[in-house]
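Student: Pasting a structure below so you can have a look.
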Amino acid sequence: MSLKPFDIEVDPPSEELMEIARRELRETPEIRTSAVEELRALLKEAKDMYFSEDEEFLLIFLRPCHFYADSALKMMRRIAEFKKSNHPLLHALKPEEEKLAFIDHNVVNVLTNRDQKGRRVLLVNCGAAWDPKAVSSEQLFRVFFLIHLVAQLEPATQINGIVVVLDFDGLSLKQVKALSPSFSRRLITFIQDAMPLRLKEVHILKQPYIFNMVWALFKPFIREKLKSRIFFHGMDMRKLHKHIDPCDLPANYGGDRPPINYGGKEWYPCVYNYIDHINQWNTFGFVPNIFFHGNDLHKFHQYVSVDRLPADYGGNLPPIDYSGQDWYPCVEAQLDHINKYQQCGFVDSHQA
């Protein structure tokens with residue numbers, strides 16, 4: 001299935017695509033409208049989280065959850081938790097900060113065509129093509145994360161899902177050492193709990209014997225659902241062809257298409273074009289304990305009861321008729337404690 005090279009498809013789904021959505025995801029106009037409204041209501045109740053309530057955005061979560069709003073909300077909560085747990089890695093993520101990893105190192109790539117089932121195919125070069133000294137495992141993850149943010153904007157990908165191909169050709173101890181237990185756990189947690197895309201298959205290719213060390217790191221974290229979708233092919237591309245038609249694969253993998261002559265360098269402009277979505281995604285997740293209410297005191301009352309607030313802030317108590325002048329004697333009475341507190345802290349090394 002040919003596409004416009006190095007761009008994504010954000011057009012509304014075709015009738016054929018909507019039929020797949022109806023058959024596989026329960027999506028009909030009526031169910032979609034109902035699920036969107038229900039998810040909006042659930043988000044309003046979930047005061048500790050913030051996500052956009054725009055319908056197109058909510059579909060990112062509703063489609064992989066088969067339009068069950070409660071399941072979509074649980075996924076959003078898992079995403080918020082993942083962002084919180086990996087805050088140093090993902091905070092204020094920007095494509096320009098990973099530009100060199102995209103342009104100078106062909107580690108993560110995406111086929112310019114879909115497969116025979118309309119799925120996006122993501123390629124990850126985990127073997128000799130990856131130099132962990134040039135692109136750390138953390139950078140590799142951030143590149144993968146940025147690509148998933150852009151892919152989730154495609155209705156066709158939301159509906160048909162994605163396929164991941166992991167190419168371990170030339171894997172050595174250098175790459176094995178970079179695939180630490182913490183990286184392995186983070187990646188698998190993301191895929192299983194915090195990635196709002198339908199991951200249909202994972203194909204592991206050209207893995208040498210040393211790959212067993214890598215698999216031993218990943219295996220403890222993989223649940224049964226994902227395990228059933230992982231396939232090992234080694235050098236036998238005929239096994240891969242049972243899942244992806246050779247007509248949709250490049251010659252690198254025994255396919256009929258020309259060898260791959262593109263990579264992250266060509267895809268980077270596409271990722272950067274959707275910087276607004278990436279920046280918006282950075283704001284989503286758990287709400288910090290700072291709330292902005294403006295003149296809408298009803299919002300304030302959701303956190304502090306009106307029975308405990310003065311009339312100045314829409315409460316039931318009398319207006320405030322006191323100030324710091326009235327509180328000063330109380331502070332002054334605790335002068336001994338204040339003086340002791342000022343003596344606390346690090347000991348001067350010259351006095352020690």
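Student: Of C126, C330, C65, which has the largest mean-square fluctuation in a 10 Å C-alpha GNM of the chain?
Tutor: C330
Student: Another question about this same structure. Tell me the angle of helix 264-273 to the major Cα principal axis of the chain, expressed in degrees between 0 and 90 and rounded to the nearest ten.
Tutor: In the chain, helix 264-273 runs at an angle near 40 degrees to the longest axis.
Student: Turning to a different aspect of this structure: Suppose R0 equals 30 Å; then what is the FRET efficiency for S180 and F231 from their Cβ-Cβ distance, rounded to the nearest 0.05? Intermediate values should be presented prior to the final figure.
Tutor: On the way: r = 25 Å, r/R0 = 0.82.
FRET efficiency, S180 to F231: 0.75.
Student: Same structure again: Please compute the Kirkwood hydrodynamic radius over the range 297-344, one decimal place, Å, based on all pairs of different Cα atoms. Mind dumping the intermediate values first?
Tutor: Numbers: mean 1/r = 0.0757 Å⁻¹.
Across the range 297-344, the inverse of the average 1/r is 13.2 Å.
Student: Mind checking which of V331, V121, V108 has the largest fluctuation in a GNM of the chain, springs on alpha carbons under 10 Å?
Tutor: V331
Student: Ok, one more. Given a 1.4 angstrom probe, what's the average accessible area per residue across the chain, in square angstrom?
Tutor: 56 Å²
Student: Ordering W130, W215 by how much accessible area each has at a 1.4 Å probe, largest first, what is the list?
Tutor: Result, largest first: W215, W130.
Student: What's the FRET efficiency of S34 with K74 using the Cβ-Cβ distance as r and R₀ = 25 Å, to the nearest 0.05?
Tutor: 0.90
Student: A further question on this structure: Take the alpha carbon gyration tensor of the range 123-166, find the square roots of its eigenvalues, order them as a ≥ b ≥ c, and report rounded if a/c is under 1.5; if not, report prolate when a/b exceeds b/c, else oblate.
Tutor: oblate
Student: Here's a follow-up. What is the gain in length, in nm to one decimal, between D7 and E96 on full extension, counting 0.36 nm per residue of separation less the C-alpha to C-alpha distance?
Tutor: Gain in length upon complete extension: 30.3 nm.
Student: At 222 nm, what value in deg cm²/dmol follows for the chain if DSSP H runs of at least 4 each add -39500 (n - 2.57) and the sum is divided by all its residues, to the nearest 500? Please report the intermediate quantities before stating the final value.
Tutor: Working: 18 runs with 160 residues, N = 352.
Dividing the helical sum by the residues of the chain leaves -13000 deg cm²/dmol.
Student: If I take every Cα pair under 8 Å that is 6 or more residues apart in the range 1-137, average their sequence separation and divide by the length, what percent do I get for the relative contact order?
Tutor: Normalised by residue count, the contact order of the range 1-137 is 24 percent.
Student: Next question. Determine the gain in length on full extension of the stretch Q192-T283; use 0.36 nm per residue of separation and subtract their C-alpha separation, reporting nm with one decimal.
Tutor: In short, 30.5 nm is gained.
Student: Next question. Checking the a/c ratio against 1.5 first, then a/b against b/c, what shape does the Cα gyration tensor give for the range 234-352?
Tutor: It comes out prolate by the Cα gyration axes.
Student: Sticking with this one: Tell me whether the range 194-281 comes out rounded, prolate or oblate; compute the Cα gyration tensor, take square roots of the eigenvalues as a ≥ b ≥ c, and use a/c under 1.5 as the rounded threshold.
Tutor: Numbers: a/c = 1.95, a/b = 1.18, b/c = 1.65.
Oblate, because a/c is 1.5 or more while a/b does not exceed b/c.
Student: How large are Rg and Dmax for the range 1-290 when calculated on the C-alpha trace, in angstrom?
Tutor: Just the Cα atoms of the range 1-290 yield Rg and Dmax of 18.8, 56 Å.
Student: At a probe size of 1.4 Å, how large is the accessible area of E19, to the nearest 10 Å²?
Tutor: Probe radius 1.4 Å; accessible area of E19 about 70 Å².
Student: I've got another one for you. How much accessible surface does K265 have with a 1.4 Å probe, in Å² rounded to 10?
Tutor: For K265, the solvent-accessible surface is approximately 130 Å².
Student: Suppose the chain between I338 and H87 were pulled fully straight at 0.36 nm per residue; how much longer would it get relative to their current alpha carbon spacing?
Tutor: 86.7 nm
Student: Using only the alpha carbon atoms of the range 1-129, find the Kirkwood hydrodynamic radius as the inverse mean reciprocal pair distance, in angstroms to one decimal.
Tutor: It works out to 17.5 Å.
Student: With every protein chain kept in the model, how would you rank T157, T283, T28 by accessible area, 1.4 Å probe, largest at the top?
Tutor: Numbers: T157 0, T283 85, T28 35 Å².
So the residues, ranked largest to smallest area, are T283, T28, T157.
Student: Report, in listed order, any pair from K117/K225; K74/K174; K74/K177; K83/K242; K83/K133; K200/K265 with a Cα-Cα distance greater than 28 Å.
Tutor: Distance filter (> 28 Å) returns K74/K174; K74/K177; K83/K242.
Student: Using a 1.4 Å probe on the protein heavy atoms, what percent of the accessible area of the range 57-112 belongs to carbon and sulfur?
Tutor: Taking all protein chains in place, the range 57-112 shows 54 percent carbon and sulfur surface.
Student: Please give the Cα centre distance for the range 14-48 versus the range 73-90, rounded to the nearest Å.
Tutor: 22 Å
Student: Hey, in the GNM for the chain with a 10 angstrom Cα cutoff, which one of D115, D245, D11 fluctuates hardest?
Tutor: D11
Student: Which value, in debye to the nearest 20, gives the size of the charge dipole of the chain about its Cα centre, when Lys and Arg are +1 and Asp and Glu are -1 at the Cβ?
Tutor: Value, rounded to 20: 1800 debye.
Student: Using the beta-carbon distance between N212 and N261 and R0 = 41 Å, what value does 1/(1 + (r/R0)^6) give for FRET efficiency, to the nearest 0.05?
Tutor: 0.80
The values are calculated or read from the model by the stated rules, or taken from the named source; none is laboratory data. As the structure is a computational prediction, the values presented were derived from the model and not from experiment. Using ideal geometry, Cβ is built from the backbone for each residue, glycine included, and neighbour counts are taken over all protein chains shown. With ligands, DNA and RNA removed, areas are computed over all heavy atoms of the protein, side chains included. Shrake-Rupley method; radii C 1.70, N 1.55, O 1.52, S 1.80 Å.
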